[in-house]
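Any read-out appearing in this document is the output of simple, stated calculations on the displayed coordinates, not a laboratory observation. None of these values were measured; they are calculated from a predicted model. Heads up, the Cβs are rebuilt from the backbone with ideal geometry, glycines too, and the neighbour counts pull from every protein chain shown.
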Amino acid sequence: MSNTRHFLTLMDFSSAELQQLIARAIQMKQEFKSGKIYEPLKNMTLAMIFEKSSTRTRVSFEAGMNQLGGHAMFLSSRDTQLGRGEPIEDSARVISSMVDVVMIRTFGHAIVETFAAHSSVPVINALTDDFHPCQLLADMMTYVEHRGDIAGKTAAYVGDGNNMCHSWMNAAKQFGFHLNIACPEGYEPDAKLMKSLDSHITLYHDVHDAVKGVDLVTTDVWASMGQEDEQKIREQAFKSFKVDSAVMELANKDALFMHCLPAHREEEVSAAVIDGPQSVVWDEAENRLHAQKALLEALVTGLH
Ligand code: CP
Ligand code: NVA
């Protein structure tokens, strides 16, 4: 199990490997769109364990695995023994003995780490409370397609210091850009992670300071999955952290707007911005498919 390669955060691949993965995803997208059939994962199975809701992640992994010639199996915690308290370690041993790759969306990040430690096949983090690395593969791919290399650029993440923020922070290091983070006091990203990525990030408590002259603006929901009870308190805390046209005006003229989706129009982002000309949110969503196909190929057959 120790030789098995996992993708739990962006730090599990080197910068060079991530660049290669993005280039491969762009190539696979073009080939797929030109009608090429490519089935390197024929007869293989992806187990998809979901303990939280999903639209994009489920559809992209399931469609992607099918397109690669394999099969994807949807496992909800509601109707597996995982949801009834079977230990993660036991579940990992059993599930990984029958499939070729596993994808997990869950709460605590330690759950995917424990699963990976006891899995005989690659494990992919499809979102935990702390990280969402698959989303960043699609986001980096989208930036490259629209603007070229992101190295040396500056991005602004506006909003909660959550799983998306943490993965943007990791991306800043791995892809060589600077990340300005604007969040309300009390909603900062993880202190340890901030310290370790100190030279790649700058923390602000004012949106306007953070977005001045940046090449990309991104945001996320104010209350993530599992925080539904905090929705009202968070609406108050985040009310001056909405990305609207006035905020986008402060960024570079050709700055892109990104959002992992699902979005709440007129909460974290105005309809004018998310549905406007700088927004690339639909490309980001579609690129989940292509980026994850490249990831599945890399984890199961090696980097191409
Ligand atoms: N962005 C994202 O992961 O979307 P889903 O929650 O719909 O999978
Ligand atoms: N931060 C959000 C991302 C959803 C894709 C959440 O965890 O709910």
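Quick rundown of the values:
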quantity	calculated
Length added when fully stretched, Ala246-Ser15, from 0.36 nm per residue minus Cα-Cα	79.7 nm
Rounded to the nearest 20 debye, dipole of the range 65-206 from Cβ charges on Lys, Arg, Asp, Glu	240 debye
Contact order relative to length of the chain, as percent, for alpha carbon pairs under 8 angstrom and 6 or more apart	21 percent
The range 72-182: radius of gyration and largest Cα-Cα distance (Dmax), Å	16.7, 48
Mean Cα-pair separation over length for the range 71-195, i.e. relative contact order, pairs under 8 Å, 6 or more apart, %	17 percent
Lys, Arg +1 and Asp, Glu -1 on Cβ, resulting dipole of the range 123-213 about Cα centre, debye, nearest 20	320 debye
Unit charges on C-beta of K, R, D, E only; dipole of the chain, Debye	780 debye
Cα convex hull of the chain, projected area averaged across orientations, nm²	15.0 nm²
Contour minus Cα-Cα distance for Lys212 and Ala117 (0.36 nm per residue)	29.9 nm
Given charges at Cβ of Lys, Arg, Asp, Glu: the chain dipole, positive-most of Ala151, Asn66, Leu137	Asn66
Solution diffusion estimate, µm²/s, Stokes-Einstein, the range 184-259, Kirkwood Rh from C-alpha pairs, 20 °C, viscosity 1.002 mPa s	154 µm²/s
Percent RCO, i.e. relative contact order, over the range 255-304, from Cα pairs under 8 Å lying at least 6 residues apart	37 percent
Projected label distance in nm at Ile233 and Glu31, using a 7 Å step from Cα toward the beta-carbon	5.0 nm
Total formal charge among the other residues, if their Cβ is under 14 angstrom from that of Ser54, Lys/Arg +1 and Asp/Glu -1	+4
Dimensionless Rg ratio for the range 209-304, taking C-alpha atoms and the 2.2 N^0.38 Å reference	1.29
Lysines whose Cα lies under 21 Å from that of Lys33, excluding same-chain neighbours fewer than 8 positions away	Lys42, Lys293
